[in-house]
Amino acid sequence: MASCWWRWRRGCSWRPAARSPGPGSPDRAGPCGPRPAATACAQMSYFNLVKSLTSAFPNMYSISRLHHTTSSVDCCSKTRSGEKYTDPFKLGRRDLKGLYEDIRKELLISATELKEMSQYYFDGKGKAFRPIIVVLMARACNTHYNNSRDVQASQRAIALIAEMIHTASLVHDDVIDDASSRRGKHTVNKIWGEKKAVLAGDLILSAASIALARIGNTTVISILTQVIEDLVRGEFLQLGSKENENERFAHYLEKTFKKTASLIANSCKAVSVLGCPDPVVHEIAYQYGKNVGIAFQLIDDVLDFTSCSDQMGKPTSADLKLGLATGPVLFACRQFPEMNAMIMRRFSLPGDVDKARQYVLQSDGVQQTTYLAQRYCHEAIREISKLRPSPERDALIQLSETVLTRDK
Ligand code: GRG
């Protein structure tokens, strides 16, 4: 099993970037060339180590223990830059005071019902994962370029816009999936109905577009407009399925990039463009966001099998019920080929969902998906480590670990 996903990755452009991997990097064992025996061996034992760790401690996937030397403790770390910080969320939130009030101001419209609907999710209950990455990336790039750690108003606006695009897509997604709960409360479509929910999502998206236009930077406008196209294409990809196993995995990773990672990657790129003129830095910011974003979604797909509904604030096994074969299923199918038929019929026969869930839990699909997420996080860390040291850069390193250890 250790090498099977390399075959899937072949020909897939959504893999972690594999430019000049350093010694010991798992990317040395990539599909492009023969693997030296010692490296292959090291990778096998590394893989077995991760595998045994993840099966023994399903909630303890810390890559810092396995990969790199940043010491990582829960609430207070000495970072590579030598400064102390509490945690990436605390550090990021300093720049995000009043985030939701500011978003609600963007949505100040006269129609009371439309206003209530479009402001419904801006209640401070989301993780604000995207805005936090965005402001940390802004400060990390500003420091890298001119040693200024201040966040520009336009960069903070990108954090708001990213959260607004994210929320608009959640509102639309819940309509498509006919979802009843999100973040532990009823969805907009359940309260106000589908038609009004679609319009509320549109309104949030239009307010985000107005805020984006106000920044007045055409490069940034085109970067964030790409996200909207990707979200729609990603959702569309999810409606289709592939018969061939290799194509299926590539399709899954492309969908994952478009639905989840593109927003994070392009928001990171946008703040880097606003803070620094160097295209190399823009690429680092983009690659960090892309790799963290893919890892984030892979873990989301794992949590759909391992977490309980209360923790997630939405029903679990939701993906199977929607007919979706995510990472854990695709890996499990290697061990239980009888799942192929179920995948093709999108788990539509009575008992399919329960059977598929059992297969996944009996297989190493959860561990393999987690391992894959670790590799994307490792790549994100490799990218961001190219920036000059700063507390924010190190918080982004820490944050990529949080992606792996999160339980909601
Ligand atoms: C309106 C632009 C637009 C898009 C329409 C419906 C659609 C096309 C795209 C759906 C994209 C989508 C909802 C992807 C899911 C991404 C994801 C992992 C969401 C969960 O993110 P969390 O856990 O949520 O950060 P919170 O609740 O913390 O914000």
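The values are calculated or read from the model by the stated rules, or taken from the named source; none is laboratory data. Model, not experiment: these values are computed from the prediction. Backbone-built Cβ (ideal geometry, glycine too); neighbour counts: all protein chains shown.
Per-residue answers, yes or no, for (1) within 16 Å of the ligand (Cβ to nearest atom); (2) touching a residue at least 40 places away in the same chain (Cβ under 8 Å); (3) in contact with a helix residue (DSSP H, G or I) (Cβ under 8 Å, 6 or more places away or on another chain):
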residue: 197; (1), (2), (3): yes, yes, yes
residue: 204; (1), (2), (3): yes, yes, yes
residue: 207; (1), (2), (3): yes, yes, yes
residue: 210; (1), (2), (3): yes, yes, yes
residue: 217; (1), (2), (3): no, yes, yes
residue: 258; (1), (2), (3): yes, no, yes
residue: 270; (1), (2), (3): yes, yes, yes
residue: 288; (1), (2), (3): no, yes, yes
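Looking at 298, 330, 303, 263 in this structure, which one is more than 16 Å from the ligand (Cβ to nearest atom), part of a helix (DSSP H, G or I) and either surrounded by fewer than 24 Cβ atoms within 10 Å (Cβ to Cβ) or among the hydrophobic types (A, V, I, L, M, F, W, C) (or both)?
Values: 298 fails: more than 16 Å from the ligand (Cβ to nearest atom); 303 fails: more than 16 Å from the ligand (Cβ to nearest atom); 263 fails: more than 16 Å from the ligand (Cβ to nearest atom).
Criteria check complete, one pass: 330.
Could you please let me know if residue 161 is within 8 Å of the ligand (Cβ to nearest atom), of a type in the set (A, V, I, L, M) and within 25 Å of residue 229 (Cβ to Cβ)?
On the way: within 8 Å of the ligand (Cβ to nearest atom): no; of a type in the set (A, V, I, L, M): yes; within 25 Å of residue 229 (Cβ to Cβ): yes.
When the stated conditions are applied, residue 161 does not pass them.
For the condition acidic (Asp, Glu) and at pLDDT 95 or above, what is the one hit in 407, 300? Walk me through how you get there before you give the answer.
Numbers: 407 fails: at pLDDT 95 or above.
Result: 300 is the single residue among 407, 300 that is acidic (Asp, Glu) and at pLDDT 95 or above.
Is it the case that some residue within region 169-179 is in a loop (DSSP other than H, G, I, E, B), within 11 Å of the ligand (Cβ to nearest atom), of a type outside the set (Gly, Ala, Ser) and within 23 Å of residue 261 (Cα to Cα)?
Taking region 169-179 as the starting set, the residues that turn out to be in a loop (DSSP other than H, G, I, E, B) are 178-179.
The next check asks that each one be within 11 Å of the ligand (Cβ to nearest atom); those that pass are 179.
Remaining after also requiring of a type outside the set (Gly, Ala, Ser): none.
Within region 169-179, not a single residue is in a loop (DSSP other than H, G, I, E, B), within 11 Å of the ligand (Cβ to nearest atom), of a type outside the set (Gly, Ala, Ser) and within 23 Å of residue 261 (Cα to Cα).
Conditions: (1) closer than 16 Å to residue 384 by Cα; (2) within 11 Å of the ligand (Cβ to nearest atom). Residue 121 meets all but one. Number of the miss?
Every listed condition holds for residue 121 apart from (1).
Output the qualifying pairs, or none if there are none: Cβ atoms under 6 angstrom, residues six or more apart or on different chains, first residue in region 145-171 and hydroxyl-bearing (Ser, Thr, Tyr), second residue more than 16 Å from the ligand (Cβ to nearest atom) and part of a helix (DSSP H, G or I).
148/142; 154/215; 154/274
Which condition number in (1) more than 16 Å from residue 248 (Cβ to Cβ); (2) touching a residue at least 12 places away in the same chain (Cβ under 8 Å) is the one that residue 343 fails?
In the conditions (1) more than 16 Å from residue 248 (Cβ to Cβ); (2) touching a residue at least 12 places away in the same chain (Cβ under 8 Å), residue 343 misses (1) alone.
Based on what the data block shows, is residue 148 outside any helix (DSSP H, G or I) and either more than 10 Å from the ligand (Cβ to nearest atom) or buried (at least 18 other Cβ atoms within 10 Å of the Cβ) (or both)? Don't jump to the end; show me each part of the working.
Numbers: outside any helix (DSSP H, G or I): yes; either more than 10 Å from the ligand (Cβ to nearest atom) or buried (at least 18 other Cβ atoms within 10 Å of the Cβ) (or both): yes.
Criteria met by residue 148.
Answer yes or no as to whether residue 128 is hydrophobic (A, V, I, L, M, F, W, C), more than 16 Å from the ligand (Cβ to nearest atom) and at pLDDT 90 or above.
On the way: hydrophobic (A, V, I, L, M, F, W, C): yes; more than 16 Å from the ligand (Cβ to nearest atom): no; at pLDDT 90 or above: yes.
Spelling it out, it is not the case that residue 128 is hydrophobic (A, V, I, L, M, F, W, C), more than 16 Å from the ligand (Cβ to nearest atom) and at pLDDT 90 or above.
So residue 123 passes all but one of these: (1) of a type outside the set (Val, Ile, Thr); (2) part of a helix (DSSP H, G or I); (3) touching a residue at least 12 places away in the same chain (Cβ under 8 Å); (4) over 24 Å from residue 266 (Cα atoms). Which condition number does it fail?
(2)
All but one of (1) within 15 Å of the ligand (Cβ to nearest atom); (2) assigned to a helix (DSSP H, G or I) hold for residue 135; state the number of the condition that does not hold.
Here residue 135 clears every test but (1).
Kindly establish whether residue 238 is within 11 Å of the ligand (Cβ to nearest atom), at pLDDT below 95 and of a type outside the set (Ser, Thr, Tyr). I'd like the intermediate steps shown before the answer.
On the way: within 11 Å of the ligand (Cβ to nearest atom): yes; at pLDDT below 95: yes; of a type outside the set (Ser, Thr, Tyr): yes.
Taking the combined requirement at face value, the residue satisfies it.
Is one or more of the residues making up region 341-354 under 21 Å from the mean Cα position of the chain (by Cα), part of a helix (DSSP H, G or I) and among the β-branched types (Val, Ile, Thr)? Steps first, please.
To start, the set of residues in region 341-354 that are under 21 Å from the mean Cα position of the chain (by Cα) comprises none.
No, that holds for no residue.
Across region 219-231, what is the total count of residues that are within 15 Å of the ligand (Cβ to nearest atom) and either surrounded by fewer than 13 Cβ atoms within 10 Å (Cβ to Cβ) or of a type outside the set (Val, Ile, Thr) (or both)?
5
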